[in-house]
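S.K.: Please read through the structure below; I'll follow up with questions.
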Amino acid sequence: FSNGWISEETHKSIINKLDNDVLTLGVVGQIKAGKSTFLNSILFGQQVLPVADSPMTASLSIITYGDKKCISAEFYTKEEWDELVLLSSRVVDPEFDDESSISRIQSAKELVAKASLINENLDVLWGTKKEDTFDSLIDYVGAEGRYTPITKLVRIQYPVEWLKGVEIVDTPGLNDPVASREARTQEFLKNADAVILLLAANRAFDATDSAILFDKIQNVGIGKVIIAVNKYDLTYESGESIEQKTISV
């Protein structure tokens, strides 16, 4: 602004945006598409995020820069939990419930059952946040984690230089058994600068992947989508060649 091209106020506004703007990247994909393995590889260089075997063990994680490794967990509110308990009380009817509904109901049942094993007064935890050490991450996102059933999201701070000004949203999937968490996921994705859609090579772009891209992601209004094929080694294990895979895709 010293040359008079822009005002001092505009200059301050631009500098403030550059200093505080956050590049948000969303990572989506089906359960077992390899999201955790992908993020462990590019972010941590080791297995930090556990592999999700079901919607119950998937988590909504926000990964960003921090001067030291630490985590902050946010628990469901009592109202959100009551909705989940109500869903878990439903009896699955294969004649009327589609695959998506059945998955939600079964996951809700598993969450509620797991929560009953928590040896703490849950009434004092609903709607609260809990700061913890990085080494305790498994307690909030692991399949047998102490707080996994009642954890809505986890914020992970990690001292990697390139994470400064970057926020990576690891989603639990867009067919979440917890409606409030799915809404939170979609809100994050709506504000994302770009989204990485991970496909598993052994089932790349099946009907579910198509629905995620053309229904879920498109409806959220995301403009930039990067499609990546993961677990390519599985195609070799099944005896498929590069030429065959290229033709089938």
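S.K.: Please determine, by comparing only the residues of the stretch 4-51 that are open to solvent by 20 Å² or more (accessible area, probe 1.4 Å) and on the phi > 0 side of the Ramachandran plot, which one is modelled with the highest pLDDT.
M.R.: For the stretch 4-51, the residue satisfying everything is 45.
S.K.: Moving on to the next point. Test residue 95 against the criterion of being more than 29 Å from residue 157 (Cα to Cα) and out of contact with any Gly (no Cβ under 9 Å at 6 or more places or on another chain), and give yes or no.
M.R.: On the way: more than 29 Å from residue 157 (Cα to Cα): yes; out of contact with any Gly (no Cβ under 9 Å at 6 or more places or on another chain): yes.
Yes: the conditions hold for residue 95.
S.K.: Run down 114, 190 and say which single residue is in contact with a Pro (Cβ under 6 Å, 6 or more places away or on another chain) and not hydroxyl-bearing (Ser, Thr, Tyr).
M.R.: Going through 114, 190 in turn, just one is in contact with a Pro (Cβ under 6 Å, 6 or more places away or on another chain) and not hydroxyl-bearing (Ser, Thr, Tyr): 114.
S.K.: Run residue 122 past the list (1) within 18 Å of the chain's Cα centre (by Cα); (2) among the aliphatic types (A, V, I, L, M); (3) open to solvent by less than 50 Å² (accessible area, probe 1.4 Å) and report the number of the one that doesn't hold.
M.R.: Going through the list (1) within 18 Å of the chain's Cα centre (by Cα); (2) among the aliphatic types (A, V, I, L, M); (3) open to solvent by less than 50 Å² (accessible area, probe 1.4 Å), residue 122 breaks only (1).
S.K.: Any idea which of 113, 73 is under 16 Å from residue 149 (Cα atoms) and open to solvent by 30 Å² or more (accessible area, probe 1.4 Å)?
M.R.: 113
S.K.: Would you pick out the residues in the stretch 76-110 that are out of contact with any helix residue (DSSP H, G or I) (no Cβ under 8 Å at 6 or more places or on another chain), open to solvent by less than 40 Å² (accessible area, probe 1.4 Å) and touching a residue at least 24 places away in the same chain (Cβ under 8 Å)?
M.R.: Those that are out of contact with any helix residue (DSSP H, G or I) (no Cβ under 8 Å at 6 or more places or on another chain), open to solvent by less than 40 Å² (accessible area, probe 1.4 Å) and touching a residue at least 24 places away in the same chain (Cβ under 8 Å): 103, 107.
The values are calculated or read from the model by the stated rules, or taken from the named source; none is laboratory data. Treat the numbers as computed from the prediction; the structure is a model and nothing was measured. Cβ coordinates were reconstructed from backbone atoms using ideal geometry, including for glycine residues, and neighbour counts include every protein chain displayed. SASA here: full protein model, heavy atoms, side chains in, ligands and nucleic acids out. Shrake-Rupley method; radii C 1.70, N 1.55, O 1.52, S 1.80 Å.
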